[in-house]
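These notes concern the structure reproduced below.
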Amino acid sequence: MTNDASNRNDWPAYSYVPGGPFPHPVSDPSGHSFGHRDSSSMPIVDDNWQNCSSFLEGIDLFNHGYYWESHEAWETQWHAEGRKGPHADVLRALIKLGAAGVKVREGQPGGVTTHASRARDLLLEVAKTRPKLLGLSLTKIAAFADQIAKQPPASPVERHVPVAVVFDFRLEPK
């Protein structure tokens, strides 16, 4: 799996936005992920993130405007990590960034600020001992989170638009 959209042919038909026109992806039988819950992730060992499909899936989804779906992919991995430790904290920060993207789409700047601030704080805490983890520069992402917490982007699209990239920042693990 890569972060290159041209290599994917299985994008969901829409990115879920609560209160929007599209059905809940998991709980509604017409949702794009109904009946496809994946909980088979294993913890990342020795920062071997390159083989972690749920982490990479979350990166792909986030970078292409599927914020709710990225949140779900990372949450699967967060649970696999036991919800504790540096990997889990970075995943929780990414989950918060995905939630911030959903809040932009919902037109809730207060929610964007709350989620982005929490992501920043988690990333900076881990960066004290591990400035790079899961292939990501934690301080760089924390700076992005700080920027959107201070100036939440206005949603550039209506809720009826299936997918929209609302952040000018890409997650690029290396």
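The values are calculated or read from the model by the stated rules, or taken from the named source; none is laboratory data. Since this is a predicted model, take the numbers as computed values, not measurements. Every residue, glycine among them, receives a Cβ derived from its backbone with ideal geometry; neighbour counts consider all protein chains shown.
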Out of everything in the stretch 103-138 that is part of a loop (DSSP other than H, G, I, E, B) and in contact (Cβ under 8 Å) with a residue 24 or more places away in the chain, what residue ends up being surrounded by the most Cβ atoms within 10 Å (Cβ to Cβ)? LEU134
For the stretch 80-96, check the following and say yes or no: at least one residue is assigned to a helix (DSSP H, G or I) and at pLDDT below 95. yes
Only one residue in PHE22, PHE55 is more than 17 Å from LEU134 (Cβ to Cβ) and touching a residue at least 60 places away in the same chain (Cβ under 8 Å), so which one is that? PHE22
Within the stretch 40-52, track down each residue that is closer than 13 Å to PRO173 by Cα and either part of a helix (DSSP H, G or I) or of a type in the set (Asp, Glu) (or both). ASP47, TRP49, GLN50, ASN51
Does any residue of the stretch 42-55 turn out to be modelled with pLDDT under 95, within 17 Å of LEU136 (Cβ to Cβ) and under 12 Å from the mean Cα position of the chain (by Cα)? yes
Yes or no: GLU81 of a type in the set (D, E, K, R) and in contact with a Pro (Cβ under 8 Å, 6 or more places away or on another chain)? yes
Examine the stretch 134-154 for a residue that is of a type in the set (Asp, Glu) and closer than 21 Å to PRO43 by Cβ, and state whether such a residue exists. no
Here are LYS84, LYS96: which of them is surrounded by fewer than 19 Cβ atoms within 10 Å (Cβ to Cβ), of a type in the set (D, E, K, R) and closer than 24 Å to PRO131 by Cβ? LYS84
Please go through the stretch 139-161 and give me each residue that is buried (at least 16 other Cβ atoms within 10 Å of the Cβ), among the small types (Gly, Ala, Ser) and either touching a strand residue (DSSP E or B) at 6+ places or on another chain (Cβ under 7 Å) or modelled with pLDDT of 90 or more (or both), ordered by number. ALA142, ALA145, ALA149
Quick check: anything in the stretch 77-98 without any contact (Cβ under 8 Å) to a residue 24 or more places away in the chain and polar (S, T, N, Q)? no
Pick out the one residue from GLY65, GLY35 that is within 14 Å of the chain's Cα centre (by Cα), surrounded by fewer than 22 Cβ atoms within 10 Å (Cβ to Cβ), part of a loop (DSSP other than H, G, I, E, B) and not β-branched (Val, Ile, Thr). GLY65
